[in-house]
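Below is one structure; the comments refer to it alone.
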Amino acid sequence: TLETLGKEDNSAVSAMVAALQHPRDMVRRWLVEAIARAAFPEKRAVAAVLEGCTDPSEYVRGEAIDQFTEMKVDHPQLTWVLVCLLWREELRAAEALAVQENTDPEVLEALVAGLRRSRIGERCAAALGELGKVTPEIIQGLFELACSSISYGGNFADSREALGKFIGNNQVVDFLNQKLLSPDISEAVTAAVIFEASGDRRKELCTVFLEGLGELEDNGKRLVLEALMPWSESVPEIANVCSPLLHSRNEEVRLEAAHLLVSIPAHQNDATSIALESLCQNYKRFRSDRAVDVLGRLEILTLEVQLGLLPCFTDPPYKAMQATENMDARFYDLRVRRPLLDLLMRQEELIPELVAEIDILRAEESIAAYELRERSAEET
(Lines give C-alpha, C1' and ligand atoms only; values in the text may rest on other atoms or scores of the structure.)
Protein backbone atom coordinates (compact mmCIF):
# COMPACT_ATOMS: atom_id res chain seq x y z
CA THR A 1 0.00 0.00 0.00
CA LEU A 2 2.80 2.41 0.88
CA GLU A 3 4.52 1.60 -2.40
CA THR A 4 1.34 2.40 -4.33
CA LEU A 5 0.79 5.63 -2.39
CA GLY A 6 4.41 6.67 -2.96
CA LYS A 7 4.10 6.23 -6.70
CA GLU A 8 1.01 8.45 -6.76
CA ASP A 9 1.96 11.15 -4.24
CA ASN A 10 5.42 12.62 -3.52
CA SER A 11 4.35 13.64 -0.03
CA ALA A 12 3.85 9.94 0.82
CA VAL A 13 7.51 9.28 0.02
CA SER A 14 8.51 12.21 2.24
CA ALA A 15 6.42 10.75 5.06
CA MET A 16 8.07 7.34 4.63
CA VAL A 17 11.55 8.88 4.70
CA ALA A 18 10.70 10.71 7.92
CA ALA A 19 9.32 7.48 9.41
CA LEU A 20 12.70 5.74 8.94
CA GLN A 21 13.50 6.91 12.48
CA HIS A 22 10.95 4.39 13.81
CA PRO A 23 12.32 2.42 16.79
CA ARG A 24 11.26 -0.99 15.45
CA ASP A 25 13.70 -2.52 13.02
CA MET A 26 11.10 -4.48 11.05
CA VAL A 27 9.13 -1.27 10.41
CA ARG A 28 12.29 0.39 9.10
CA ARG A 29 12.98 -2.65 6.92
CA TRP A 30 9.59 -2.51 5.19
CA LEU A 31 9.85 1.25 4.82
CA VAL A 32 13.19 0.86 3.03
CA GLU A 33 11.58 -1.57 0.59
CA ALA A 34 8.53 0.64 0.02
CA ILE A 35 10.66 3.75 -0.57
CA ALA A 36 12.89 1.98 -3.08
CA ARG A 37 10.01 0.45 -5.02
CA ALA A 38 8.00 3.64 -5.02
CA ALA A 39 10.66 6.24 -5.84
CA PHE A 40 13.91 4.72 -7.17
CA PRO A 41 16.00 6.20 -8.81
CA GLU A 42 15.05 9.59 -7.30
CA LYS A 43 17.95 11.02 -5.32
CA ARG A 44 16.06 11.38 -2.03
CA ALA A 45 14.91 7.76 -2.24
CA VAL A 46 18.43 6.52 -3.04
CA ALA A 47 19.83 8.60 -0.15
CA ALA A 48 17.24 7.20 2.25
CA VAL A 49 17.91 3.58 1.26
CA LEU A 50 21.66 4.25 1.38
CA GLU A 51 21.21 5.38 4.98
CA GLY A 52 19.50 2.03 5.61
CA CYS A 53 22.74 0.30 4.60
CA THR A 54 24.34 1.60 7.81
CA ASP A 55 21.37 0.79 10.06
CA PRO A 56 22.28 -1.09 13.28
CA SER A 57 19.81 -3.85 12.39
CA GLU A 58 20.97 -6.59 10.02
CA TYR A 59 17.40 -6.90 8.71
CA VAL A 60 17.34 -3.25 7.60
CA ARG A 61 20.86 -3.40 6.17
CA GLY A 62 20.03 -6.57 4.26
CA GLU A 63 16.88 -5.07 2.76
CA ALA A 64 18.69 -1.88 1.77
CA ILE A 65 21.47 -3.83 0.05
CA ASP A 66 18.89 -6.00 -1.69
CA GLN A 67 17.29 -2.90 -3.20
CA PHE A 68 20.62 -1.88 -4.71
CA THR A 69 20.86 -5.33 -6.30
CA GLU A 70 17.51 -4.76 -8.02
CA MET A 71 18.42 -1.59 -9.90
CA LYS A 72 21.48 0.35 -11.00
CA VAL A 73 21.37 3.83 -9.45
CA ASP A 74 23.68 6.83 -9.23
CA HIS A 75 24.87 8.29 -5.93
CA PRO A 76 28.36 9.64 -5.09
CA GLN A 77 28.60 7.69 -1.82
CA LEU A 78 27.10 4.40 -2.98
CA THR A 79 30.35 2.68 -3.99
CA TRP A 80 32.11 3.68 -0.78
CA VAL A 81 29.23 2.41 1.37
CA LEU A 82 28.99 -0.92 -0.48
CA VAL A 83 32.76 -1.46 -0.25
CA CYS A 84 32.61 -0.82 3.51
CA LEU A 85 29.77 -3.32 3.79
CA LEU A 86 31.82 -5.85 1.84
CA TRP A 87 34.69 -5.50 4.31
CA ARG A 88 32.14 -6.19 7.05
CA GLU A 89 31.16 -9.35 5.13
CA GLU A 90 27.57 -8.35 4.37
CA LEU A 91 26.45 -11.19 2.08
CA ARG A 92 24.73 -9.22 -0.70
CA ALA A 93 27.22 -6.35 -0.94
CA ALA A 94 29.29 -8.07 -3.64
CA GLU A 95 26.23 -8.65 -5.81
CA ALA A 96 25.16 -5.02 -5.36
CA LEU A 97 28.61 -3.85 -6.51
CA ALA A 98 28.29 -6.01 -9.61
CA VAL A 99 24.87 -4.55 -10.41
CA GLN A 100 26.28 -1.03 -10.14
CA GLU A 101 28.90 -2.05 -12.78
CA ASN A 102 31.69 -0.24 -11.00
CA THR A 103 35.19 -1.47 -11.86
CA ASP A 104 37.17 1.17 -9.97
CA PRO A 105 40.43 -0.18 -8.48
CA GLU A 106 39.17 0.04 -4.89
CA VAL A 107 36.12 -2.06 -5.80
CA LEU A 108 38.20 -4.74 -7.50
CA GLU A 109 40.69 -4.73 -4.63
CA ALA A 110 37.90 -5.27 -2.08
CA LEU A 111 36.35 -8.08 -4.13
CA VAL A 112 39.70 -9.85 -4.57
CA ALA A 113 40.36 -9.57 -0.84
CA GLY A 114 36.88 -10.97 -0.21
CA LEU A 115 37.77 -14.12 -2.17
CA ARG A 116 39.88 -15.19 0.81
CA ARG A 117 37.01 -14.96 3.27
CA SER A 118 34.95 -18.11 3.53
CA ARG A 119 31.68 -16.31 4.31
CA ILE A 120 31.67 -14.11 1.19
CA GLY A 121 34.28 -15.71 -1.09
CA GLU A 122 31.92 -17.20 -3.64
CA ARG A 123 29.76 -14.04 -3.67
CA CYS A 124 32.84 -12.02 -4.57
CA ALA A 125 33.76 -14.55 -7.26
CA ALA A 126 30.32 -14.26 -8.85
CA ALA A 127 30.56 -10.45 -8.76
CA LEU A 128 33.99 -10.46 -10.43
CA GLY A 129 32.62 -12.76 -13.11
CA GLU A 130 29.79 -10.32 -13.78
CA LEU A 131 32.06 -7.27 -13.87
CA GLY A 132 34.30 -8.96 -16.44
CA LYS A 133 37.52 -7.21 -15.50
CA VAL A 134 40.66 -9.36 -15.83
CA THR A 135 43.86 -8.70 -13.92
CA PRO A 136 46.58 -11.08 -12.68
CA GLU A 137 45.36 -10.59 -9.10
CA ILE A 138 41.78 -11.47 -10.06
CA ILE A 139 42.87 -14.58 -11.99
CA GLN A 140 45.06 -15.79 -9.12
CA GLY A 141 42.42 -15.10 -6.47
CA LEU A 142 39.64 -16.85 -8.38
CA PHE A 143 41.85 -19.84 -9.09
CA GLU A 144 42.92 -20.24 -5.47
CA LEU A 145 39.28 -20.22 -4.37
CA ALA A 146 38.27 -22.71 -7.07
CA CYS A 147 41.20 -24.94 -6.11
CA SER A 148 40.05 -25.06 -2.50
CA SER A 149 36.96 -27.04 -3.54
CA ILE A 150 39.30 -29.88 -4.50
CA SER A 151 41.07 -29.82 -1.14
CA TYR A 152 38.34 -28.90 1.32
CA GLY A 153 35.02 -29.61 -0.35
CA GLY A 154 32.06 -27.26 -0.48
CA ASN A 155 30.38 -25.51 -3.38
CA PHE A 156 32.88 -23.39 -5.29
CA ALA A 157 31.01 -23.30 -8.59
CA ASP A 158 30.96 -19.49 -8.78
CA SER A 159 34.74 -19.17 -8.82
CA ARG A 160 35.07 -21.83 -11.51
CA GLU A 161 32.26 -20.25 -13.51
CA ALA A 162 33.84 -16.80 -13.25
CA LEU A 163 37.11 -18.09 -14.69
CA GLY A 164 35.13 -19.90 -17.37
CA LYS A 165 33.64 -16.58 -18.44
CA PHE A 166 37.18 -15.28 -19.00
CA ILE A 167 38.28 -18.31 -21.01
CA GLY A 168 38.54 -16.21 -24.18
CA ASN A 169 41.16 -14.01 -22.53
CA ASN A 170 44.74 -14.99 -23.41
CA GLN A 171 46.00 -14.20 -19.90
CA VAL A 172 43.51 -16.66 -18.42
CA VAL A 173 44.17 -19.39 -21.00
CA ASP A 174 47.95 -19.13 -20.51
CA PHE A 175 47.53 -19.21 -16.73
CA LEU A 176 45.29 -22.31 -16.82
CA ASN A 177 47.55 -24.12 -19.30
CA GLN A 178 50.45 -23.60 -16.91
CA LYS A 179 48.38 -24.98 -14.04
CA LEU A 180 47.52 -28.07 -16.10
CA LEU A 181 51.20 -28.98 -15.84
CA SER A 182 51.44 -28.24 -12.11
CA PRO A 183 52.92 -30.97 -9.89
CA ASP A 184 50.13 -30.11 -7.43
CA ILE A 185 47.33 -32.41 -8.64
CA SER A 186 44.60 -30.23 -7.11
CA GLU A 187 45.78 -27.28 -9.24
CA ALA A 188 45.99 -29.40 -12.38
CA VAL A 189 42.49 -30.83 -11.83
CA THR A 190 41.01 -27.38 -11.12
CA ALA A 191 42.40 -26.05 -14.40
CA ALA A 192 41.10 -29.12 -16.25
CA VAL A 193 37.62 -28.71 -14.72
CA ILE A 194 37.44 -25.09 -15.89
CA PHE A 195 38.53 -26.01 -19.41
CA GLU A 196 36.07 -28.93 -19.55
CA ALA A 197 33.16 -26.74 -18.43
CA SER A 198 33.90 -24.39 -21.34
CA GLY A 199 33.52 -27.25 -23.84
CA ASP A 200 37.19 -28.18 -24.17
CA ARG A 201 37.49 -31.91 -24.92
CA ARG A 202 41.26 -32.35 -25.16
CA LYS A 203 42.37 -35.88 -24.29
CA GLU A 204 44.97 -34.47 -21.92
CA LEU A 205 42.19 -33.14 -19.69
CA CYS A 206 40.83 -36.65 -19.35
CA THR A 207 44.34 -37.85 -18.46
CA VAL A 208 44.61 -35.23 -15.69
CA PHE A 209 41.25 -36.32 -14.29
CA LEU A 210 42.25 -39.98 -14.21
CA GLU A 211 45.47 -39.08 -12.41
CA GLY A 212 43.44 -37.06 -9.93
CA LEU A 213 41.21 -40.00 -9.05
CA GLY A 214 44.25 -41.85 -7.76
CA GLU A 215 45.58 -39.01 -5.59
CA LEU A 216 42.71 -36.79 -4.46
CA GLU A 217 40.56 -37.13 -1.35
CA ASP A 218 36.84 -37.86 -1.64
CA ASN A 219 35.88 -34.20 -2.17
CA GLY A 220 38.09 -34.01 -5.23
CA LYS A 221 37.01 -37.42 -6.53
CA ARG A 222 33.37 -36.30 -6.66
CA LEU A 223 34.23 -33.28 -8.77
CA VAL A 224 36.45 -35.32 -11.10
CA LEU A 225 33.81 -38.02 -11.64
CA GLU A 226 31.31 -35.37 -12.67
CA ALA A 227 33.81 -33.76 -15.05
CA LEU A 228 34.67 -37.09 -16.70
CA MET A 229 31.14 -37.53 -18.06
CA PRO A 230 31.87 -36.36 -21.66
CA TRP A 231 34.49 -39.12 -22.05
CA SER A 232 32.66 -41.89 -20.17
CA GLU A 233 31.71 -43.98 -23.21
CA SER A 234 34.59 -43.11 -25.54
CA VAL A 235 37.58 -43.79 -23.26
CA PRO A 236 37.54 -47.43 -22.02
CA GLU A 237 40.14 -46.68 -19.36
CA ILE A 238 37.61 -44.54 -17.47
CA ALA A 239 35.43 -47.53 -16.59
CA ASN A 240 38.43 -49.50 -15.34
CA VAL A 241 39.65 -46.65 -13.12
CA CYS A 242 36.23 -45.59 -11.84
CA SER A 243 34.55 -48.95 -11.22
CA PRO A 244 36.33 -49.54 -7.86
CA LEU A 245 34.76 -46.29 -6.64
CA LEU A 246 31.33 -47.95 -6.84
CA HIS A 247 32.39 -49.59 -3.57
CA SER A 248 33.77 -46.46 -1.90
CA ARG A 249 32.95 -45.91 1.78
CA ASN A 250 31.77 -42.41 0.84
CA GLU A 251 28.15 -42.44 -0.39
CA GLU A 252 28.55 -39.32 -2.50
CA VAL A 253 31.54 -40.81 -4.31
CA ARG A 254 29.59 -44.04 -4.92
CA LEU A 255 26.68 -42.11 -6.41
CA GLU A 256 28.90 -39.99 -8.67
CA ALA A 257 30.64 -43.15 -9.89
CA ALA A 258 27.25 -44.77 -10.48
CA HIS A 259 26.05 -41.72 -12.42
CA LEU A 260 29.16 -41.94 -14.62
CA LEU A 261 29.03 -45.72 -15.22
CA VAL A 262 25.34 -46.58 -15.31
CA SER A 263 25.12 -46.32 -19.11
CA ILE A 264 28.00 -48.80 -19.57
CA PRO A 265 26.51 -52.34 -19.78
CA ALA A 266 29.24 -54.07 -17.75
CA HIS A 267 28.65 -51.75 -14.76
CA GLN A 268 24.94 -51.03 -15.13
CA ASN A 269 23.71 -53.52 -12.52
CA ASP A 270 26.13 -52.34 -9.82
CA ALA A 271 25.42 -48.67 -10.51
CA THR A 272 21.67 -49.25 -10.41
CA SER A 273 21.92 -51.15 -7.13
CA ILE A 274 23.79 -48.25 -5.53
CA ALA A 275 21.10 -45.79 -6.63
CA LEU A 276 18.32 -48.01 -5.27
CA GLU A 277 20.14 -48.45 -1.97
CA SER A 278 20.52 -44.70 -1.55
CA LEU A 279 16.87 -44.04 -2.38
CA CYS A 280 15.35 -46.75 -0.21
CA GLN A 281 17.63 -46.76 2.82
CA ASN A 282 19.05 -43.26 3.07
CA TYR A 283 16.23 -41.13 1.75
CA LYS A 284 16.85 -38.36 4.27
CA ARG A 285 20.30 -37.68 2.91
CA PHE A 286 21.07 -34.73 0.70
CA ARG A 287 22.35 -36.79 -2.21
CA SER A 288 19.23 -38.89 -2.70
CA ASP A 289 18.23 -36.71 -5.64
CA ARG A 290 21.50 -37.71 -7.31
CA ALA A 291 20.33 -41.32 -7.12
CA VAL A 292 17.29 -40.30 -9.16
CA ASP A 293 19.68 -38.83 -11.74
CA VAL A 294 21.45 -42.19 -11.94
CA LEU A 295 18.22 -44.00 -12.79
CA GLY A 296 17.31 -41.22 -15.22
CA ARG A 297 20.27 -42.23 -17.40
CA LEU A 298 18.71 -45.66 -17.97
CA GLU A 299 16.66 -46.01 -21.12
CA ILE A 300 14.30 -48.55 -19.52
CA LEU A 301 13.64 -49.33 -15.86
CA THR A 302 13.46 -53.11 -15.68
CA LEU A 303 10.79 -54.84 -13.62
CA GLU A 304 13.44 -55.67 -11.01
CA VAL A 305 14.40 -52.01 -10.70
CA GLN A 306 10.75 -51.02 -10.38
CA LEU A 307 10.31 -53.53 -7.57
CA GLY A 308 13.35 -52.01 -5.90
CA LEU A 309 11.69 -48.58 -6.03
CA LEU A 310 8.55 -49.68 -4.18
CA PRO A 311 9.95 -48.85 -0.70
CA CYS A 312 10.31 -45.22 -1.80
CA PHE A 313 6.50 -45.06 -1.83
CA THR A 314 5.52 -47.58 0.84
CA ASP A 315 8.30 -47.44 3.45
CA PRO A 316 6.77 -46.89 6.94
CA PRO A 317 9.38 -44.32 8.12
CA TYR A 318 8.50 -42.16 5.15
CA LYS A 319 4.80 -42.44 6.01
CA ALA A 320 5.63 -41.34 9.54
CA MET A 321 7.49 -38.31 8.22
CA GLN A 322 4.57 -37.49 5.96
CA ALA A 323 2.11 -37.76 8.85
CA THR A 324 4.02 -35.23 10.95
CA GLU A 325 4.38 -32.86 7.97
CA ASN A 326 7.93 -32.04 8.99
CA MET A 327 10.66 -30.58 6.81
CA ASP A 328 12.20 -33.98 6.02
CA ALA A 329 8.95 -35.17 4.44
CA ARG A 330 8.57 -32.08 2.28
CA PHE A 331 12.23 -32.21 1.30
CA TYR A 332 11.95 -35.85 0.28
CA ASP A 333 8.77 -35.19 -1.67
CA LEU A 334 10.23 -32.34 -3.73
CA ARG A 335 13.76 -33.64 -4.25
CA VAL A 336 13.14 -37.36 -4.63
CA ARG A 337 9.61 -38.64 -4.94
CA ARG A 338 8.29 -36.21 -7.55
CA PRO A 339 11.28 -36.65 -9.89
CA LEU A 340 10.84 -40.40 -9.40
CA LEU A 341 7.21 -40.14 -10.45
CA ASP A 342 8.22 -38.21 -13.56
CA LEU A 343 10.73 -40.94 -14.36
CA LEU A 344 8.19 -43.70 -13.88
CA MET A 345 5.56 -42.00 -15.99
CA ARG A 346 7.96 -42.09 -18.95
CA GLN A 347 8.07 -45.91 -18.81
CA GLU A 348 5.92 -47.87 -21.24
CA GLU A 349 5.37 -50.70 -18.77
CA LEU A 350 4.95 -50.44 -14.99
CA ILE A 351 4.46 -53.22 -12.47
CA PRO A 352 0.94 -53.31 -10.93
CA GLU A 353 2.26 -52.48 -7.44
CA LEU A 354 3.72 -49.17 -8.64
CA VAL A 355 0.60 -48.35 -10.64
CA ALA A 356 -1.46 -48.83 -7.47
CA GLU A 357 0.84 -46.56 -5.43
CA ILE A 358 0.77 -43.85 -8.10
CA ASP A 359 -3.03 -43.98 -8.16
CA ILE A 360 -3.09 -43.59 -4.36
CA LEU A 361 -0.79 -40.56 -4.56
CA ARG A 362 -2.93 -38.99 -7.26
CA ALA A 363 -6.03 -39.48 -5.13
CA GLU A 364 -4.32 -37.98 -2.06
CA GLU A 365 -3.17 -34.95 -4.03
CA SER A 366 -6.59 -34.49 -5.59
CA ILE A 367 -8.26 -34.58 -2.16
CA ALA A 368 -5.71 -32.14 -0.75
CA ALA A 369 -6.19 -29.77 -3.71
CA TYR A 370 -9.98 -29.98 -3.33
CA GLU A 371 -9.78 -29.24 0.41
CA LEU A 372 -7.50 -26.28 -0.24
CA ARG A 373 -9.91 -24.83 -2.81
CA GLU A 374 -12.85 -25.33 -0.42
CA ARG A 375 -10.96 -23.63 2.43
CA SER A 376 -10.01 -20.70 0.20
CA ALA A 377 -13.62 -20.31 -0.94
CA GLU A 378 -14.87 -20.29 2.66
CA GLU A 379 -12.29 -17.69 3.71
CA THR A 380 -13.18 -15.53 0.72
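The values are calculated or read from the model by the stated rules, or taken from the named source; none is laboratory data. On a predicted model such as this, the values are computed, not experimentally measured, just so you know. All Cβ positions, glycine included, derive from the backbone under ideal geometry; neighbour counts span all protein chains shown. Side chains are part of the model used for accessible areas, which takes the heavy atoms of the whole protein and leaves out ligands, DNA and RNA. Shrake-Rupley method; radii C 1.70, N 1.55, O 1.52, S 1.80 Å.
Numbers at a glance
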quantity	calculated
Any chance E187 is surrounded by 15 or more Cβ atoms within 10 Å (Cβ to Cβ), farther than 24 Å from L86 by Cα and in contact with a Pro (Cβ under 8 Å, 6 or more places away or on another chain)	no
Qualifying residue in segment 39-54 (condition: closer than 30 Å to E137 by Cβ and assigned to a helix (DSSP H, G or I))	yes
Unmet criterion (only one of (1) open to solvent by 80 Å² or more (accessible area, probe 1.4 Å); (2) within 23 Å of L108 (Cβ to Cβ); (3) not acidic (D, E)) for L78	(1)
Criterion (part of a helix (DSSP H, G or I) and of a type outside the set (S, T, Y)) met by exactly one of L91, L111	L111
Residues being free of Cβ contacts under 8 Å to residues at least 24 places away in the same chain and surrounded by 18 or more Cβ atoms within 10 Å (Cβ to Cβ) - total across segment 206-240	1
Those residues of segment 346-359 which are assigned to a helix (DSSP H, G or I) and in contact with a helix residue (DSSP H, G or I) (Cβ under 8 Å, 6 or more places away or on another chain), in sequence order	E353, L354, E357, I358
Hits in segment 110-133 (condition: under 16 Å from W87 (Cα atoms) and charged (D, E, K, R))	R116, R117, R119, E122, R123
Pair list, Cβ under 6 Å, 6 or more apart: segment 115-132 residue crowded, with 16+ Cβ neighbours inside 10 Å, other residue outside any helix (DSSP H, G or I)	I120/E89; G121/L115; C124/L115; L131/T103
Selected residue [within 16 Å of P230 (Cα to Cα), in a helix (DSSP H, G or I) and of a type outside the set (G, A, S)] from V189, V173	V189
Meets criteria (part of a helix (DSSP H, G or I) and either of a type in the set (S, T, Y) or open to solvent by 20 Å² or more (accessible area, probe 1.4 Å) (or both)) for E33	yes
Test result for L246, surrounded by 15 or more Cβ atoms within 10 Å (Cβ to Cβ) and more than 20 Å from the chain's Cα centre (by Cα)	yes
Selected residue (only one of A94, A48 is within 25 Å of the chain's Cα centre (by Cα), crowded, with 20+ Cβ neighbours inside 10 Å and without any contact (Cβ under 8 Å) to a residue 60 or more places away in the chain)	A94
Yes/no for A127 being part of a helix (DSSP H, G or I), under 24 Å from the mean Cα position of the chain (by Cα), among the small types (G, A, S) and under 17 Å from R160 (Cα atoms)	yes
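Listed here are the residues, each with its yes/no results for (1) exposed (fewer than 11 other Cβ atoms within 10 Å of the Cβ); (2) within 13 Å of F313 (Cα to Cα); (3) modelled with pLDDT of 85 or more.
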| site | (1), (2), (3) |
| --- | --- |
| M327 | yes, no, no |
| F331 | no, no, no |
| R335 | no, no, no |
| R338 | no, yes, no |
| E349 | yes, no, yes |
| I358 | no, yes, no |
| E365 | yes, no, no |
